[in-house]
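What follows draws every value from the coordinates through simple rules; no lab data is involved. All figures in this text were calculated on a predicted structure; none of them were measured in a lab. Backbone-built Cβ (ideal geometry, glycine too); neighbour counts: all protein chains shown.
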Number of protein chains: 2
Amino acid sequence: MTTSTPSRQIRPGATLGIVGGGQLGRMIALAAANYGLKVHVYAPDADSPAFDVAAAHTVASYDDAAALAAFADACDVVTYEFENIPHATAAILAEHATVRPSAHALLTTQDRLVEKDFVNGLGIPTAPYRAVDTAEDLEAALDALGRPAILKTRRFGYDGKGQRTIRAGDDAAAILADFCGAPCILEGFVPFRREVSVVAARGPDGAFAAYEPCENEHRDHILAFTRVPAPGLDPATAAAAETIARAIAEALDYVGVLAVELFEIEGAAGAARLVVNEIAPRVHNSGHWTTEGALTSQFTQAVRAVCGWPLGDTARTGGMNVEMENLIGDAAERWPALLAEGSAHLHLYGKAEARPGRKMGHVTRLIPPGTTP
Amino acid sequence: MTTSTPSRQIRPGATLGIVGGGQLGRMIALAAANYGLKVHVYAPDADSPAFDVAAAHTVASYDDAAALAAFADACDVVTYEFENIPHATAAILAEHATVRPSAHALLTTQDRLVEKDFVNGLGIPTAPYRAVDTAEDLEAALDALGRPAILKTRRFGYDGKGQRTIRAGDDAAAILADFCGAPCILEGFVPFRREVSVVAARGPDGAFAAYEPCENEHRDHILAFTRVPAPGLDPATAAAAETIARAIAEALDYVGVLAVELFEIEGAAGAARLVVNEIAPRVHNSGHWTTEGALTSQFTQAVRAVCGWPLGDTARTGGMNVEMENLIGDAAERWPALLAEGSAHLHLYGKAEARPGRKMGHVTRLIPPGTTP
């Protein structure tokens, strides 16, 4: 174990700590290894996929202060693969290592209410929303926002988990009761045409680089396909999406890769067309296309950003159109066909068990413009 | 530990064993992880760079029969990152696991004399050569082949190690004595214009896929630059080079990636222009350009081949010209400039110490045709 200080220069040979051991951590670790970095992964699950590609790992819970301190001491810089870690965890890490993105960025983006307040505070629109802690709050919120509306837990939601739509005639109080007292938020319905997202990076020097906005198609609340460039997205709206991502990154004094999910609604062009749905303070599933589809992958870019190195080129590889397809649950059993499919690029995450709804891998296809896949 | 049988299907989640823990093993491991394979690396050096990206590793010597057997038992398929392992080692591994490429392919290519006999036996030219075990052998060989000629150890040579040029006036016997009795070969001088190489893969079903021939530029006997396509290589010669690589792969019943180094000599076009210098039964430094420069990297291709999966597309990415530059010794200290260089792709191998002549990393540049880097 070595002693770490925030001012230590991050150079090849240094140790990058990653909190979280899933596929995102695994792909960050692979990118880091390419630069000769050593990777230390911290996760509570002994079966974490990222452990298999890391020089070191710690199996411990996110509230084990001693393990967190020892982990951070062993790292030159620490980053995250997911945002749902307790504030106390981030605080302990930050006492012992350079942590990027910051605990403040995590705090802001791990709570839907705080995040929406923050985004609106920048003059950037979101869906209308109300905090909901009690049945009375919910009643008042439904009166204000109408039905249908979406009730979500403020924290820990992903892939449609922790959210329910409340429609005309639904027993709203019963739905709220299903959340067992977790602090919630009610979001008004936005009649959006589609979801687009911007994956972008910002360095400690303020350098900023965004990938082109992509279109995301969900099935059963889980990302199924990402396409880039987003088909038919007008240039003014695309530019506005990047401007929004940059404004958010700068307001957070963000260091690392983040994703901003936006709804494109019918109406005026440009920024007026866009509503922020969610911010992910990390590499994001909608950026997986970049591994083959862009000159610098989002994982490589995350490593560059958190190490304080120059950001890489975000242009698409050879000007190709790119499609990313998630392999959910049993879909990963299609691997023999996907391996045989011409220039498809298959990625599998090394997860032992293919449960329904579980992200097992993805495949990226580079498609010459003017052709169809 | 699991029990392994040669018939076991290799599928994602299986364990790929890699013998050797250097940068080649490391890059194979990274490619394997991308397919959800677990990697187990066997190497004698506890500091092996490949250990840092492998799910498991064994530190043991290449003559530790018990460790070799246990390693192979834990693997579904075993491959190599280098060819200089004893025959007994390969035999033990093959008793306990599917080994690809085969022990026969290793035996044939790890000894310069056996290799040249094999290549000539296919009707493919090499430099003229004679076996040299004694000073008398050397005298006779020099008489037959003339000076200058190159004296090489039959085994264990790389990057110019284990070879000496014998020029007019040199004390040949003294040079031979420096090799301390190791079996040698004398190679006649070939007035070649340049070295090209073909990196190719063959699957257990006989499928074959070659990358375009590349040009290799050496400095101090170490590969310095690879360029693809080889500038000015005429199409007939390029096709002949691929035909030679295929003939060699088929004659060895080869499974995996191999590289065939060829000298291009002045003279008639096509096959007559080519002389085989050396066969490497593994991924090869002259194939490093493929990681970004081709649709399938040589490391990914090696994984596909040894797992018995369909071979990937070897076309260049977006039709770009590609240059690979090795970072030898202190050259890796240029990493900050290389990270800042537009679309250069930097790779560092995670080696702790930068000794002179040691390969520390490489950088790949994709260059639009018609421009200069």
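What is the residue of chain A with the smallest Cβ distance to the axis taking A onto B, and what is that distance in whole Å?
Of all Cβ atoms in A, the one closest to the rotation axis yields A:GLY318, 1.
Give me the net charge of A:LEU339's neighbourhood, meaning all other residues with Cβ under 11 Å from the Cβ of A:LEU339; Lys, Arg count +1, Asp, Glu -1.
The answer is +2.
Amide H of A:ALA210: which non-local residues (sequence gap of 5 or more, or other chain) have their own amide H closer than 5 Å, using H built in the peptide plane?
So A:ALA210 has HN proximity to A:ALA201.
Between copies, how close do the B:GLY329 label points come, placed 7 Å along Cα→Cβ, listed in nm from shortest?
Result, one decimal in nm: 6.0.
Counting Lys and Arg as +1 and Asp and Glu as -1, each charge on the Cβ, what is the dipole of chain A about the Cα centre in debye, to the nearest 20?
Here the size comes out at about 700 debye.
So, counting K/R as plus one and D/E as minus one, what does the shell of residues with Cβ under 15 Å around A:THR296 add up to?
Result for the neighbourhood of A:THR296: -1.
List the pairs from B:LYS38/B:LYS161; B:LYS152/B:LYS351; A:LYS161/A:LYS351; A:LYS38/A:LYS152; B:LYS116/B:LYS351; A:LYS359/B:LYS359 whose alpha-carbon separation is above 32 Å, in the order I gave them. It would help to have the intermediate numbers written out before the result.
Values: B:LYS38/B:LYS161 34 Å; B:LYS152/B:LYS351 28 Å; A:LYS161/A:LYS351 20 Å; A:LYS38/A:LYS152 38 Å; B:LYS116/B:LYS351 34 Å; A:LYS359/B:LYS359 38 Å.
Violating the 32 Å limit, Cα to Cα: B:LYS38/B:LYS161; A:LYS38/A:LYS152; B:LYS116/B:LYS351; A:LYS359/B:LYS359.
Taking amide hydrogens as modeled 1.01 Å from N in the peptide plane, which residues meet the under 5 Å criterion relative to A:VAL132, leaving out close sequence neighbours?
Result for A:VAL132 returns A:CYS184, A:ILE185, A:LEU186.
Relative contact order for the range B:15-99 using alpha-carbon pairs under 8 Å, separation at least 6, rounded to a whole percent?
Numbers: 162 pairs, mean separation 27.9, N = 85.
Reported relative contact order: 33 percent.
Averaging over all projection directions, find the projected area of the Cα convex hull of the range A:15-99 and quote it in nm² with one decimal place. Let's see the in-between values first.
Working: hull surface 18.0 nm².
Averaging across all directions leaves 4.5 nm² for the Cα convex hull.
Each residue of the range A:53-67 in turn: what ³J(HN,Hα) in whole Hz from Karplus with 6.51, -1.76, 1.60 and θ = phi - 60°, glycine and Pro shown as x?
Residue by residue, the range A:53-67 yields 10, 10, 5, 8, 8, 10, 9, 6, 6, 6, 10, 8, 4, 5, 5 Hz.
Per residue, how much space in cubic angstrom lies within the convex hull of the C-alpha atoms of the range B:1-147?
Convex hull of Cα atoms, per residue: 152 Å³.
Starting from 0.36 nm per residue, how many nanometres of slack lie between B:ASP220 and B:GLN9 once their C-alpha separation is accounted for?
Contour length minus Cα-Cα distance gives 71.5 nm.
With +1 on each Lys and Arg Cβ and -1 on each Asp and Glu Cβ, and nothing else charged, work out how big the dipole of the range B:128-188 is about its Cα centre, in Debye to the nearest 20.
Roughly 300 debye, rounded to the nearest 20.
Looking only at A:ALA127, A:ALA259, A:ALA66, which one moves most when chain A is put into a Gaussian network model with springs between Cα atoms under 10 Å?
Among A:ALA127, A:ALA259, A:ALA66, the largest GNM mean-square fluctuation belongs to A:ALA66.
Over all directions, how big on average is the projection of the convex hull of the alpha-carbon atoms in the range B:239-280, in square nanometres?
Working: hull surface 11.3 nm².
So the Cα hull casts an average projection of 2.8 nm².
State, to one decimal in nm², a quarter of the convex hull surface area for the C-alpha atoms of chain B, i.e. the direction-averaged projected area.
The Cα convex hull of chain B, projected and averaged over all directions, gives 18.6 nm².
Provide the FRET efficiency to the nearest 0.05 for the B:ASP143-B:HIS104 pair, computing r from the beta carbons and using R0 = 30 Å.
0.30
Ordered shortest first, which distances in nm separate the 7 Å Cα→C-beta label point of B:ASN120 from those of the other copies?
Values, ascending and in nm: 8.5.
Between copies, how far apart are the A:PRO86 label points? List them in nm, one decimal, shortest first, with each point 7 Å from Cα toward Cβ, please?
Computed spacing set for this position: 5.5 nm.
Under 5 Å between amide hydrogens, which residues at least 5 positions from A:ILE18 or on another chain qualify, with H placed 1.01 Å from N in the peptide plane?
When sequence neighbours closer than 5 places are left aside, the close amide H contacts are A:HIS40, A:VAL41, A:TYR42, A:THR79.
Which net charge results for the neighbourhood of B:ASN216, defined as the other residues with beta-carbon distances under 9 angstrom from its beta-carbon, given Lys and Arg at +1 and Asp and Glu at -1?
Once positives and negatives cancel, what remains is -2.
For the range A:180-193, just list the computed ³J(HN,Hα) in residue order, Karplus coefficients 6.51, -1.76 and 1.60, θ = phi - 60°, integers in Hz, with x standing in for Gly and Pro.
Once rounded to whole Hz, the list reads 6, x, 5, x, 10, 9, 9, 10, x, 6, 10, x, 8, 7.
Measure off 7 Å from each Cα along the Cα-to-Cβ vector at A:ALA251 and B:ALA315, then give the distance between these two points in nanometres to one decimal.
So the label points at A:ALA251 and B:ALA315 sit 4.5 nm apart.
To the nearest µm²/s, what D does Stokes-Einstein give for the range A:101-182 at 25 °C and 0.890 mPa s, using the Kirkwood radius over alpha carbon pairs as Rh?
Translational D for this selection: 180 µm²/s.
Residue by residue through the range A:206-217, which ³J(HN,Hα) values in whole Hz follow from phi under the Karplus form 6.51 cos²θ - 1.76 cosθ + 1.60 (θ = phi - 60°), with glycine and proline marked x?
Each residue's phi maps through the Karplus curve to give x, 4, 9, 8, 10, 7, 4, x, 10, 9, 10, 10 Hz.
Could you give me the radius of gyration and the Dmax of the range B:192-367, taking only the C-alpha atoms into account and expressing both in angstrom?
Over the range B:192-367's Cα set, Rg and Dmax evaluate to 16.1, 48 Å.
Under the 0.36 nm per residue contour assumption, what length would be gained going from the current alpha-carbon distance of A:ASN84 and A:THR165 to full extension?
Gain in length upon complete extension: 26.9 nm.
Determine by what factor the alpha-carbon radius of gyration of the protein assembly as shown differs from 2.2 N^0.38 Å, reporting the quotient.
Ratio of Cα Rg to 2.2 N^0.38 Å: 1.05.
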